[in-house]
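Laboratory data are not the source of any read-out in this text; all were calculated from the coordinates shown. Since this is a predicted model, take the numbers as computed values, not measurements. FYI the Cβ positions are ideal-geometry reconstructions off the backbone, even for glycines, and counts take in every protein chain you see.
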Amino acid sequence: MNDEQKQAELHKYFFRPPPFWERLPEAVWAEIKATIRPQAYAKKTLIYSEGIHPRGLYIMRKGRAKVFIIDSEGVEQIIYFLGKDEVFGHRSIVCDEPSPVFVEAIDDCAVDCIPRHDFERFLRESPELNAAFLYNLGHEFRVFVNKISWFAQKPVSERVALALLVLHEKFNEHPHYVMVLNFTREDLASYIGTATESLIRQLKILKEARAIIIRGRKIIIEETDLLWERARMT
């Protein structure tokens, strides 16, 4: 695969659309902005929990958060990582159902919140906003299906390599810079769907192959071609 094909392949496993406000008339976005309430969440703080109705539509302005469930045995399973300008909370509002997931800040986060009643009103009044979120919902579903199906079928060595490639693509805002992934081993293992000990073994193998460099909990992506080979996606 060439670079463009590789990028397209990785985008099957995460969703980073253009900000929805870029597709709205200026007057509509100005009215929405007037309702925004900036909020701050410290690292490891729950933004909202499973079983509650989110207070509004959230826009991540700074920091990262994890979206996860807790199974019947009390084990955390991370579904997704949220980054800058990503929105969340909208699925529960659109479906009028409690949240099926937890959302927790990984870093100190700055978040804009559009209150629920305002967001519902804008959805009723703005066809452009409706179209933007129908687009988001459809593509998010595709991403979740791809992630579940691929990670359910592949051995852990391939899952680890793919996860590093996906997170590298998702969070690297400067493609020509050295990319450093900074996640706890527990969060990475939960996202990949493996035990922390298994993840650590696989990272050691990748380090010995010189695909990555490890400095504390930071992982520096050194050779993406080697990761593609390990993921068996070339």
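A compact table of results
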read-out: The range 60-197, Rg to Rh (Cα coordinates; Rh as Kirkwood inverse mean 1/r); value: 0.98
read-out: Amide H within-cut-off set for Asp108, under 5 Å, with H built and near neighbours excluded; value: Lys43
read-out: Long-range HN-HN contacts of Ile79 with modeled amide H, under 5 Å; value: Val67, Phe68, Ile69
read-out: Given Lys6/Lys62; Lys43/Lys218; Lys44/Lys170; Lys6/Lys147; Lys33/Lys170; Lys62/Lys207, the pairs whose alpha carbons are separated by over 23 Å; value: Lys6/Lys62; Lys33/Lys170; Lys62/Lys207
read-out: Glu222/Ser49 FRET efficiency (R0 41 Å; Cβ-Cβ; nearest 0.05); value: 0.60
read-out: Cα pair distances in the range 80-155, grouped into 10 Å bins until the bin that holds the longest one, percent each; value: 14, 43, 33, 9, 1
read-out: Amide H within-cut-off set for Tyr48, under 5 Å, with H built and near neighbours excluded; value: Val103
read-out: Backbone N within the range 152-172 under 19 Å of label point (7 Å from Ile214 Cα along the Cβ vector); value: 156-168
read-out: Equivalent-ellipsoid semi-axes of the range 131-234, from the Cα gyration tensor, Å, largest first; value: 24, 17, 13
read-out: Among 24-30, 11-17, the order from most to least packed when residues are scored by Cβ within 10 Å on average; value: 11-17, 24-30
read-out: Where labels lie 7 Å past Cα in the beta-carbon direction, separation of Glu229 and Val145 in nm; value: 3.4 nm
read-out: Candidate values [x] 37; [y] 49; [z] 30, label of the one derived for percent of Cα pairs over 27 Å apart; value: [x]
read-out: Degrees, to the nearest 10: 196-208 long Cα axis against longest axis of the chain; value: 60 degrees
